[in-house]
1. Please calculate the 1.4 Å probe accessible area of K567, with all protein chains present, and give it to the nearest 10 Å².
2. Return the long-range amide H neighbours of S742 (sequence gap of 5 or more, or a different chain), with a cut-off of under 5 Å between placed amide H atoms.
3. Give the carbon-plus-sulfur fraction of the accessible surface of the stretch 219-279 in %, rounded to a whole number; probe 1.4 Å, heavy atoms of protein chains only.
4. When the expected Rg is taken as 2.2 N^0.38 Å, what fraction or multiple of it is the alpha-carbon Rg of the stretch 337-447?
5. Return the carbon/sulfur percentage of the accessible area of the stretch 337-447, one whole number, probe 1.4 Å, all protein chains in place.
6. At R0 = 51 Å, how high is the FRET efficiency between Q279 and D307 if r is their beta carbon distance? Nearest 0.05 is fine.
7. Determine the per residue accessible area of the stretch 337-447 with all protein chains present and a 1.4 angstrom probe, expressed in square angstrom.
8. Would you mind putting 109-119, 406-416, 455-465 in packing order, based on average other-beta-carbon counts within 10 Å, highest first?
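The values are calculated or read from the model by the stated rules, or taken from the named source; none is laboratory data. Here the structure is a predicted model, which means the values were calculated and not measured. Cβ sites come from the backbone with ideal geometry, for glycine too, and all protein chains shown count toward neighbours. Accessible surface is based on the protein model in full, side chains and every heavy atom, while ligands, DNA and RNA are left aside. Shrake-Rupley method; radii C 1.70, N 1.55, O 1.52, S 1.80 Å.
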Amino acid sequence: QLRLVKGLSINAFDYNCHVDLIKLLQQEGKLHRLRKARQKMSELFPLTEGPEIWLEYVQYSIGGMGAQGGIERVRSIFERALTAVGLHMTKGASIWEAYREFEILLNAQLERIHTLFRRQLAVPLMDMEGTYAEYADWADDGVPETVTHQYRRALQQLEKCKPFEEALLVSEPPKLVEYQAYIDFEMKEGDPARVQIIFERALAENCLVPDLWFKYTTYLDRQLKIKDLVLSAHERAVRNCPWTMGLWKSYLLALERHGADHQTVTDVFEKALNAGFIQATDYVEIWQSNLGYLRRRVDFKWSRELDELRAAFARSLDYLKQDVEERFSESGDLSCTIMQVWARIEALHCKNMQKARELWDSIMTKGNAKYANMWLEYYNLERSYGDAAHCRKALHRAVQCTSDYPEHVCDVLLNFERVEGSLEDWDAAVQKTETKLNRVNEQRVAEKEALLTRQEEEKAEHRRKAKADKKAQKKSQKANRTGDKRKAEDEYEEEWGEDEELPSKRLRGEEGFGSTATEDLMETESGLFGRRAPPPRKSEPPGFRKNLQGLSEAPRQPQDMSKEQRKDEDSVFVSNLAFNLEDPEGKLRTFFQGCGTVQQVRPVFTVKGAFRGYCYVQFEDRLAVSEALKLDRQEVDGRPIYVSPCVDKNKNPDFKVFKYKTAVEKHKIFISGLPYSCTKETLEDLCKQHGTVKAIRLITNRSGKPKGLAYVEYENEAQASQAVLKMDGTMLENFTLSVAISNPPSRKMEDKAAPSRILGAAMMRQPQGARGKGRTQISLLPRSLYRQSDPDAKAENGTVSAPHATVTDGSLSNEDFARMLLKK
């Protein structure tokens, strides 16, 4: 409790602190202190005036209508309620009905009741039809034509507003977005009364939103300009959102604009200083607003207001130095704007340059002497209201002290001496500026050298760290990998990748979209179990023990199923699985259960029981195989898997599940240089600007990481050509894109090469001579016998196009050959 009281003494506008104190006093049962706490909070934070509160108020006031003047007092309260909430589209009708019932109860004149009906029917309110029918039954002579006309106009307005009202009904509090849209609509319609009521409705549910209050008060200041209404809104704004400096600043301006007395403005300003702003610059701005108000009050022919202004300037500097700096560890006025304004007022209005110079000396001692703009501001003041001697002195000090833009200050000094100075002054200025600029250049060279040295040290440290990380990563990969085959495949992938445009490996699928496993991994169990087991590894891969535990708990099914029961045509081959995958059988059963009934999952293990990263999945129905193949490249534990048909390549050596296109695909484009963070959606948004995108594929490596390449298929050739013209060389996230028509390269390795070619095929072997050494690569034919290939041949995607030489027809005579050799 003491902590809450102390917090309120520091910041009386702490809303949460007030709420916590009231809850605490309720729990302790201290009624007297609870009543005082509630009263204090109600003085600072007003209750929102809604239709319900006004209805309660008028019903309460009816109880005192028997007193002298009571009836007129009740009518006055009803009129105030109609002004405040009578236009409320959903709840305003209750106030009108209560007013009519009150007049009927008094047996008032019929004309008064007629007037209430006519006023209500001119306002768009919910259930207007019932009010109109009631008036038609009540009026003996029927509804006048003028009332009917007003009623129809109100109905039209109601239809316009119904979508906004329905949006408010279905939305959840505080409904700020819906109210903003409603406010914008009413402001376009231009009815000030309706704009005011929708603002009030919005603020009833969003009273702690400063932007809404600022928008409301700004509208009142510029449109209605009614003193009581404007000042009341400003007062409620600062009471609901006291921490917002802009609302206090607008309140002070509104008070001055409507001619409030000086004491009222001063009291509001003092409340603003105690409001508890959240940053130091807010206090600087509120002081500037108050000082501007005081300056406008001063008649510089009289001294009383001027003395008050000077005292306010002095107080503001002390306040920022003590109170604000103690709270925020800074004054909030680093450029000393308040002192600059004070100095200019002294120079312009009071003709007191001595005071202005004293203020500028104080400004420079607060860390501003190194900034050129501060010295130039002082120089302009001396130029306007001082003399040439003080201008020269200010510029010489500026050249001496400025560190951010010394060249500019030196130019100003030299230009000043060209106009004002003598030869001695000019020589002194030239000598001073040259000395300053030489010293600055030396400092800049030293700083640049130090920066380069620091950058080199950082690069060296980065290289050392990267080398250590790479070494640790290689060591970790070596410990985790099992099997020579997977190791060879990973090294091959690292060198060539798996892009269908590279020469050594192509993905399945004629179009290159949705392609799956590589040809080398499409084998059956008969081809795998007949091979020699790899040598045992020194370290166990992750998940090794868990795989062994799973094997000990349940026997492996591949040993239980006979070869006759295994059907390749009902099976798929699954590869690229993680070596440390836990329970591969269970996870693949779950993964393929949507394709059909899984009869068996046969993971392949080494002789030591480690999972080899591939397995066979056999279904009960052959139709499930086609569904399973559609899951190719889907992820299992964050790694894409390859799903291929299960074919015994020993029996079908010529079987291929994919074909390669060697012709140009003019409706498709190849994009390289993409950022690794590029998603399919981002690329689609970029490409669809040039035509209809049919398909997109982002190229990834075996671990699922992007490679910065992609293929985009358009509806026709024209759209693809347009995309190449517009997109090639453009930037995407600071990456330069290269875009070309898709031109897949031809396959450069034999289709029937052995699986062991994975490493060997990556490089061309040198032809061997008689003693095993490479033959010379120097051609003994003259250059004239060579001709270059067609230079206009199109480069294949992912390859470097280079002209190659071919030998001309060798049907030349000995004399022709001799002439070519002797030709100069």
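1. Ignoring ligands and nucleic acids, K567 comes out at about 90 Å².
2. For S742, whose amide H was placed from the backbone, the distant partners under 5 Å are E665, K668, I669, F670.
3. Values: 1340 of 2800 Å².
Exposed carbon and sulfur together represent 48 percent of the surface.
4. Numbers: Rg = 14.6 Å, N = 111, 2.2 N^0.38 = 13.2 Å.
Computed over Cα atoms of the stretch 337-447, the ratio equals 1.11.
5. 50
6. E between Q279 and D307, to the nearest 0.05, is 0.95.
7. Ligands and nucleic acids excluded, the figure is 53 Å² per residue.
8. Numbers: 109-119: 14.5, 406-416: 18.3, 455-465: 10.0.
Put in order of decreasing packing, that is 406-416, 109-119, 455-465.
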